[in-house]
Amino acid sequence: MVLIWPLFKTKYLENWTSIDATFIADARYLSENWPHPGWQPLWYGGTRFDYIYPPALRYGSAALSKYTGVTPARGYHLYTAILYVLGIAGVWLCVWVATETRTRAWLAAAGAALLSPSFLFLAHIRGDVIPYMPQRFNVLIRYGEGPHMSALAVLPFVFAAAWWGLRRGYPGRLALASVAAALVVSNNFYGATALAIFFPVLTWAIFVTTRDWMVWVRAAAIALLAYGLTAFWLTPSYLAITSRNLAIVSQPGNLWSLGLAILLALVIGVVSWRKAAGAPEHAWSIFVWGGAALISLNVLGHHFTNRAFRVAGEPERLVPELDLFLVLAGAEILRRVWQRERMIAALLVLACFLPAWGYLTYPWRHIHRTPAWTDRIEYQTAEWVAKNRPGARSFVTGTVRFWWNGWFNEAQIGGGSEQGLTNFDLMNLYWSVLLGDNPEPAVLWLQATGNDLIVMNNATSALPLQDYQFPERFRNRLPIVFDDGKGNWIHEIPRRWRSLARVVRLAEVEPLQPARNGEDVERLAPYVKALEEGPDSPAPARWLNPRTLHIEATVAAGEALAVLVSYDTAWRAKSGGQEFPVVRDAFGQTRILAPPGTHQIDLYWETPRENQIGRLLFGASFLILIGLGWKGRR
């Protein structure tokens, strides 16, 4: 705790390119719409709130903000700081439970807190770190890896509880292992990936040294209960959306990498079966060396094959997990050396911890905070729109995009990242606006997706991250409504009405086809024409709450309502007790097939059946855990 004490009091760190911003914005919105918004209307043209990110960090940060009175920014950093400290304690607990040796536990915990053995192999990672700072802390404060490091912090508690539960069948320990495993997954999917790598190794290590087939039954029980605790949000559609969107931020895996990983796992299994079968005292060594081998193949194999080796995701995101298991393996080596030559072992310990001296001497110098955050352009731009164009939907990018909803509830067509994106057609919009040099397709895309403003910046801006390749191309095309003279300005998008709803002619919109790319004006222009030059019938729309959009419209025969909100199967349109069909249009947005007449329509997002089933599974799992805890207590 002493090493990271300023983080407990931090609101905003100096590194504004960090994705801390998205989690802070998420926590702020959740705290205002507690306990569950259902739908998130501010990002991606709208998306399911559950789709954006696993819930643990979001709810932890929001709860700290809501119930302690701290700002969402401080609530986020408080949550990550608490988990970071607990994670080091978890390493101590895990090693002590498995080895029943306090010295080894202290050595492993100190190594996890201070050392990054991966620096010996990954020069580019070593060069990216502030000198002497361990990688797990580096990615936390520089790259916004709060969810990942929080998941990593819980991982040793899974191992400790499972070590007791799997070996001896203690019901209470099995319950604790399930809760901890669910918490890992509920914080971050890279943490879940690490759990998927290490938990089978732990199960095998205990099985092969005990020859107790019930170990597998207990492991399956932990996995099933852990899923039950996450089933209310980890739905089949969530997994499908996340897998699809992973292609945006990661290269796909390949079969030969998967085959090599399976082969290594088989080798570990065969060697351990021959060398340690029926010898419980070797279980910890099998777990440590097996886990170290698999995570090394995943991370170092990716690096030394010039990124050719890849099972799934981005392997180098798992460097902190690699560090943890290299530390555990190093502790095993030092134990064996100690048994033979204690002086040499003591010298090795000093040599290993020598690089940490610089970090121990000045640990707080790595935590740089921003007290005058209201002076930054990210805040000032968002504040201007909130005051002068309230209710507008904007296209923003760079660090402005990250922080757009850190303070205000103004919608953007993007979001924190694309993990929760449901309307994949928006990728054509991003490509056209950010990378294209022709303003016409970009303006059409902005109109088609209901944007009122586009926030621009060029090379003279003080923003640390900018994405526009041709930022000046709209100057002679769109009016400027804000310009600070410092490389930041805002264009207004011409739209017939400032509403997310339009009355359209079915004969004009039904034959339309999806755009083939960001420059497909042939298919895009008729869609925009139908929206902006359709019937002279305004359809004002306003959000009553995050999951309900109220629309007033007069519809004639042969007409329908186009709603510039991402389509979802859970949308329901009701007016005066009557329900109207809701369908997906050619551009991934929503269309309401309302009959002729004047309507007061509530477009309501109904909790999907899969989430309702998941809640039942959660309740059943929770009751089982209560039973296991009670039985364990007896």
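Just so it is clear, none of the values below were taken in a lab; they were calculated from the coordinates. Keep in mind that what you see is a predicted model, and the values were worked out from it rather than measured. Heads up, the Cβs are rebuilt from the backbone with ideal geometry, glycines too, and the neighbour counts pull from every protein chain shown.
Excluding SER178 itself, calculate the net charge of residues whose Cβ lies under 15 Å from the Cβ of SER178, where each Lys or Arg counts +1 and each Asp or Glu counts -1.
Net of charged neighbours comes to +3.
For LYS66, go through the aspartates and glutamates and keep the ones whose alpha-carbon is under 14 Å away, minus same-chain ones fewer than eight residues off.
In chain and number order, the partners are ASP26, GLU32.
Taking LYS486 as the anchor, which lysines have their alpha carbon closer than 28 Å to its alpha carbon, excluding any fewer than eight residues away along the same chain?
Output for LYS486: LYS11, LYS387.
Please turn the phi angles of region 449-455 into ³J(HN,Hα) values with the Karplus equation 6.51 cos²θ - 1.76 cosθ + 1.60 (θ = phi - 60°), one per residue in order, whole Hz, x for glycine and proline.
So the Karplus estimates, Gly and Pro as x, are 9, x, 8, 9, 9, 10, 8 Hz.
Can you bin region 58-185 into rounded, prolate or oblate? Criterion: square roots of the alpha carbon gyration tensor eigenvalues sorted a ≥ b ≥ c, rounded for a/c under 1.5, prolate for a/b above b/c, oblate for the rest.
Note, shape of region 58-185 comes out oblate.
If amide H atoms are built 1.01 Å from N in the plane of the peptide, which residues on other chains or at least 5 residues away come under 5 Å of the amide H of PHE482?
ILE490
Once a ≥ b ≥ c are taken as the square roots of the eigenvalues of the Cα gyration tensor of region 518-634, is the result rounded (a/c under 1.5), prolate (a/b larger than b/c) or oblate (a/b not larger than b/c)?
Note, shape of region 518-634 comes out prolate.
Please enumerate, by chain and number, the aspartates and glutamates with C-alpha under 20 Å from the C-alpha of LYS275, excluding those fewer than 8 residues away in the same chain.
ASP212, GLU332
Of the beta bridges DSSP finds with both residues in region 501-607, what % are antiparallel, to the nearest 5?
Given both bridge residues lie in region 501-607, the antiparallel proportion sits at roughly 100 percent.
What percent does the relative contact order of region 501-607 come to when contacts are Cα pairs within less than 8 Å and at least six residues apart?
About 30 percent, as a whole number.
Assign one of three labels to the chain, namely rounded, prolate or oblate, based on the Cα gyration tensor with a ≥ b ≥ c the square roots of its eigenvalues; rounded applies when a/c is under 1.5, prolate when it is not and a/b is larger than b/c, and oblate otherwise.
Because a/c hits 1.5 or more and a/b exceeds b/c, the chain counts as prolate.
Report, in deg cm²/dmol and to the nearest 500, the calculated mean residue ellipticity at 222 nm for the chain, where each DSSP H run with n ≥ 4 adds -39500 (n - 2.57) and the sum is divided by the residue count.
-17500 deg cm²/dmol
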